[in-house]
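The values are calculated or read from the model by the stated rules, or taken from the named source; none is laboratory data. Computed from a predicted structure; not experimentally measured. Glycine gets a Cβ as well: all are built from the backbone with ideal geometry, and neighbour counts include every protein chain shown. Remember, those area values only see protein heavy atoms, side chains included, never the ligands or the DNA or RNA. Shrake-Rupley method; radii C 1.70, N 1.55, O 1.52, S 1.80 Å.
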Amino acid sequence: MPSHRSILPQRNGDSALREKLTRWDVKSAPYLYIAPFFLIFVATGLFPIGYTAVISLMEWDMVRGTGEFVGFDQYWRVLSAPDFWIALRNTVSIFLLSTIPQLVAAIIIAAALDRNIRARTFWRMSVLVPYVMAPVAVALIFSNMFGDKFGLVNSLLTQLGMTSIPWHTDPFASHVAIATMVNFRWTGYNTLILLAAMQAIPREYYEAATVDGAGAIRQFLSITIPGLRGTLIFVVVTSTIGGLQVFDEPRMYDHTGTGGPDNQWLTIALYLYNVGWGEWDFGRAAAMAWILFALILLVGLINLIVTRGLVRDDAAAVAENPGRRVLRPRRTTHDNARPVEEANR
Amino acid sequence: MVTRKHNIIRFGAGAAAVGLLLTGCAPAAEDDAASGDVTLTVGTFNDSGFADEMFAEYEELNPGVKIVHNKAATTDDARTNFFQKLGKTGLSDIEYVEGDWLPEVMEYADLLAPVPADLKDRWLDWKVEEATDPEGNLIGYGTDIGPLAICYRSDLFEGAGLPTDRDAVAELLGGDWARYFEIGDQYVEATGLPFFDSARGVWQGMINQIAVPYEDPKTGEIIATENDEVRKSYDQLLAASSTQSAHLSQWSTDWYAAMANGGFATMLCPGWMLGVIEGNAKDVTTWDVANVFPNGGGNWGGSYLTVPASGANVEEAQKLADWLTAPEQQLKYFENAGLFPSQVEAMSSPILLEATNPFFNDAPIGQIFSDRAQAVEVAPFKGELYFQVATAMGDAIARVEDGTQDAGASWDQWVEKVNSIE
């Protein structure tokens, strides 16, 4: 304690100390409360991430636990391998084929479930059933359906007089098959999230719109979609993370699990696994993990910007200025690019 | 209501935390070797044929020994687990290792306890050679081997005007690969149907007859792409497979289905394959096995027991591994799972020689597979990069099979891939 304080009367000093302690308590207690999570996060989350970065700069022998420092060699090796670029192509292709139809379907199903229908809870719970199924089980069933010669889909196609599709030979066909599995599993999950967001939109907007003579589709486009903005951004970002890490489905798509003889459905996560656990090259696998991390960050950011730009925040604007009409002419694209908080001011 | 829920959650979290602490901090169970009470763990995968009765028998013979059997679902799981813990702790006292990833294990031979020298004569020479490191230490107790014969559908042979009796088929297919593919041509011409299941499967038979296929045993360098023997076999196989192969990928659902619905007439048959065929074609009565293999004998698969040197009970584990791979026990897992013994003595046992298989038309499988085992002359050299080169080759053949590329282009892409292996 500084010396000039000691000349103050005892009572004052006591209360000053107490005050100090109280202030300290108010300031630091929240940090103490949240500390356990962050301590565990540092041990189980941050440390492995850092350790991966260290290993990615080495030629690592996992069994003996030793490595030789090689700098950024592993990164160059990954980026100069043709397989990596094929894996990137496949990942992006499967990502687009799964995310876009999935979100469109999820919004439409959620809108349908948002209406007054009988046995609402039953229907709402039903859409979540595929999500509960183990991905490996889903992959097994779908692999059977997409068998090249005796699979269900091709049997149907040939019976209808069409030619069968080479599901395990043509890259695009394999991407469609894998995206189907992903969609099957995740559409219901996204539906429920979007449904929850839809229910938070005040019903008065719809009533006002009905009075104004807007039809169901117009209401959907001008009230529901803008009202979902924040949730949509969340769903898009989580789908991006999941989509770029797609692993279970391509791994289970055939019995060898290596992504096809011509790397038709090799994704980056699968490639990473093959290098790490197939060739025991953990240095290169670690480098790939960091590249994948950077990629997800990049695509996630792009998605965030695009989604914020595309979906206007009309509902929020209406909430702030209740006097304004619900249905307004669309803003120009120039306006859309501006951050919404600013645009609404 | 809310409070109660919170209590439950808090209790659950507390219990989980305590559980974590217990498992995290509990020291590995140490056995008191002095008192004679030893717990041995045995890690296996798939159906190793080790029945609980065998372990019970050993426990009875050796009072004070308790055996715990840890089964992994697949060989991949076991392989991952093995390399993850080798050099650290946590492996079972005895670990089951498959021939496919044995070459990778050999790189770390110094981390495994060697088999006592006086036991080496028990096994077939090449079975011992595969698991012997450069210093001459044998690090694996051989369990089974996969001598190759030919399985065929007698009804489909009949339809093509070929002999159906297994001895006549053996005579028909006797010779080299050219002979096998010649009969294949006859079959395809007569029926228009595929003769064998997959080029990749046949490749297993062909490559396992080349003594030095992919790597130089002395330098460890990859010679695969300049190996004339490999190229010749590759061309010969793919020329034939364009008409004769059913173009099925092994272990795929289509492949399994084709065993039942007559999708192909013959396939290469290591002893353990009999169970696969029987399991997938239960209603078919015409599967048979002929005592013949193109170009002599061949081996596909087979496993070893290894004793990690870091284990707490290395000596006791060695005793158990010794017992588990003794002739009597090898015959037991032949009966349990059809795994063919690798022990010289077990091969002449009447139990083995008189064994028949009702599903395969009562074929004398014991006699057939011991003949096939005797016919194996070559044990190919497999170095530490074998797994990667072989995987790339499998992909190359599959690309031709599924029509993505022609044989030449696929070979070139393989060469490129192999050159990038370090």
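In the list B:Lys88, B:Lys71, B:Lys66, which residue meets the criterion of being within 25 Å of A:Trp60 (Cα to Cα), of a type outside the set (S, T, N, Q), open to solvent by 60 Å² or more (accessible area, probe 1.4 Å) and not in a helix (DSSP H, G or I)?
Working: B:Lys71 fails: within 25 Å of A:Trp60 (Cα to Cα); B:Lys66 fails: within 25 Å of A:Trp60 (Cα to Cα).
None of the others qualify; the one that does is B:Lys88.
Quick one: is B:Val289 away from chain A (no Cβ under 14 Å), surrounded by fewer than 20 Cβ atoms within 10 Å (Cβ to Cβ), in contact with a helix residue (DSSP H, G or I) (Cβ under 8 Å, 6 or more places away or on another chain) and not in a helix (DSSP H, G or I)?
When the stated conditions are applied, B:Val289 does not pass them.
Return the residues of the stretch A:72-128 that are farther than 24 Å from A:Ile178 by Cβ and among the aromatic types (Phe, Trp, Tyr); say none if nothing qualifies.
Correct list: A:Phe72, A:Tyr75, A:Trp76, A:Phe122, A:Trp123.
From (1) within 22 Å of the chain's Cα centre (by Cα); (2) surrounded by 23 or more Cβ atoms within 10 Å (Cβ to Cβ); (3) more than 27 Å from B:Pro327 (Cβ to Cβ), pick out the condition that doesn't hold for B:Asp76.
(2)
Select from the stretch B:41-61 the residues that are at negative phi and in contact with a Gly (Cβ under 9 Å, 6 or more places away or on another chain) and write down the one among them that is modelled with the highest pLDDT.
B:Thr41
Given the conditions (1) open to solvent by less than 60 Å² (accessible area, probe 1.4 Å); (2) more than 14 Å from chain B (Cβ to nearest Cβ); (3) closer than 23 Å to A:Leu103 by Cα; (4) free of Cβ contacts under 8 Å to residues at least 60 places away in the same chain, which single one is not true for A:Thr191?
Against the list (1) open to solvent by less than 60 Å² (accessible area, probe 1.4 Å); (2) more than 14 Å from chain B (Cβ to nearest Cβ); (3) closer than 23 Å to A:Leu103 by Cα; (4) free of Cβ contacts under 8 Å to residues at least 60 places away in the same chain, A:Thr191 comes up short only on (4).
Looking only at the stretch A:156-173, count how many residues are without any contact (Cβ under 8 Å) to a residue 24 or more places away in the chain and within 11 Å of chain B (Cβ to nearest Cβ).
Count: 2.
Among A:Ala53, A:Ala16, which is over 30 Å from A:Ala294 (Cβ atoms) and either surrounded by 11 or more Cβ atoms within 10 Å (Cβ to Cβ) or at pLDDT below 90 (or both)?
So the residue among A:Ala53, A:Ala16 that is over 30 Å from A:Ala294 (Cβ atoms) and either surrounded by 11 or more Cβ atoms within 10 Å (Cβ to Cβ) or at pLDDT below 90 (or both) is A:Ala16.
Any residue that is of a type in the set (A, V, I, L, M, F, W, C), under 20 Å from B:Asn46 (Cβ atoms) and buried (at least 16 other Cβ atoms within 10 Å of the Cβ) - is there at least one of those in the stretch B:366-374?
Checked against the condition, which is being of a type in the set (A, V, I, L, M, F, W, C), under 20 Å from B:Asn46 (Cβ atoms) and buried (at least 16 other Cβ atoms within 10 Å of the Cβ), the stretch B:366-374 yields at least one hit.
If you take the residues in the stretch B:292-329 that are of a type in the set (Phe, Trp, Tyr), more than 14 Å from B:Thr44 (Cβ to Cβ) and crowded, with 18+ Cβ neighbours inside 10 Å, which one is modelled with the lowest pLDDT?
Out of the qualifying residues, it is B:Trp300.
In this structure, is B:Val105 buried (at least 19 other Cβ atoms within 10 Å of the Cβ), of a type in the set (Val, Ile, Thr) and away from chain A (no Cβ under 14 Å)?
No; evaluated as a whole, the condition is false for this residue.
Give the residue that is surrounded by the fewest Cβ atoms within 10 Å (Cβ to Cβ), with candidates limited to residues of the stretch B:411-422 that are facing chain A (nearest Cβ under 9 Å) and over 27 Å from the mean Cα position of the chain (by Cα). Lay out the reasoning, then the answer.
The first filter runs over the stretch B:411-422 and keeps only residues facing chain A (nearest Cβ under 9 Å), leaving B:413, B:416-417, B:420-422.
With the extra rule that they be over 27 Å from the mean Cα position of the chain (by Cα), the set shrinks to B:413, B:416, B:420.
Working: B:Gln413: 19, B:Glu416: 12, B:Ser420: 14.
This residue is B:Glu416.
Do any helices (runs of 4 or more DSSP H) lying entirely in the stretch A:100-176 carry at least 1 residues that are out of contact with any strand residue (DSSP E or B) (no Cβ under 8 Å at 6 or more places or on another chain) and under 30 Å from B:Trp255 (Cα atoms), and which ones are they?
Passing ranges, in order: A:129-132, A:135-145, A:152-159.
Only one of these conditions is not met by B:Asn336: (1) within 18 Å of the chain's Cα centre (by Cα); (2) on the phi < 0 side of the Ramachandran plot; (3) crowded, with 18+ Cβ neighbours inside 10 Å. Which number is it?
Against the list (1) within 18 Å of the chain's Cα centre (by Cα); (2) on the phi < 0 side of the Ramachandran plot; (3) crowded, with 18+ Cβ neighbours inside 10 Å, B:Asn336 comes up short only on (3).
Being part of a helix (DSSP H, G or I) and touching a helix residue (DSSP H, G or I) at 6+ places or on another chain (Cβ under 8 Å) is the filter; apply it to the stretch B:122-145 and report the residue that is least open to solvent (accessible area, probe 1.4 Å). Explain how you work it out, then say what you get.
Our first condition is that a residue be part of a helix (DSSP H, G or I); within the stretch B:122-145, this holds for B:122, B:125-130.
With the extra rule that they be touching a helix residue (DSSP H, G or I) at 6+ places or on another chain (Cβ under 8 Å), the set shrinks to B:122, B:128, B:130.
Numbers: B:Arg122: 48, B:Val128: 21, B:Glu130: 54 Å².
Once the filter is applied, the top-ranked residue is B:Val128.
Checking the condition more than 11 Å from chain B (Cβ to nearest Cβ), open to solvent by less than 90 Å² (accessible area, probe 1.4 Å) and at pLDDT 90 or above, which residue from A:Val136, A:Val176 passes?
A:Val176
Residue-wise test of (1) more than 28 Å from B:Lys382 (Cα to Cα); (2) without any contact (Cβ under 8 Å) to a residue 24 or more places away in the chain.
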site	(1), (2)
B:Leu173	yes, no
B:Gly184	yes, no
B:Glu189	yes, yes
B:Phe196	no, no
B:Asn208	no, no
B:Ile222	no, no
B:Ala239	no, no
B:Ser245	no, no
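Would you confirm, using the coordinates I've provided, whether B:Pro341 is within 15 Å of B:Trp123 (Cα to Cα) and modelled with pLDDT of 90 or more? Show your work before the answer.
On the way: within 15 Å of B:Trp123 (Cα to Cα): yes; modelled with pLDDT of 90 or more: yes.
Taking the combined requirement at face value, the residue satisfies it.
Which of the helices (runs of 4 or more DSSP H) found entirely inside the stretch A:211-291 contain at least 2 residues meeting this: farther than 25 Å from B:Asp254 by Cα and open to solvent by 40 Å² or more (accessible area, probe 1.4 Å)?
A:216-219, A:229-244, A:268-273
For the stretch A:64-88, how many residues are over 32 Å from the mean Cα position of the chain (by Cα) and in contact (Cβ under 8 Å) with a residue 24 or more places away in the chain?
Within the stretch A:64-88, the first condition is being over 32 Å from the mean Cα position of the chain (by Cα), and the residues that meet it are A:64-70.
Within this subset, residues satisfying the condition of being in contact (Cβ under 8 Å) with a residue 24 or more places away in the chain are A:67, A:70.
The total comes to 2.
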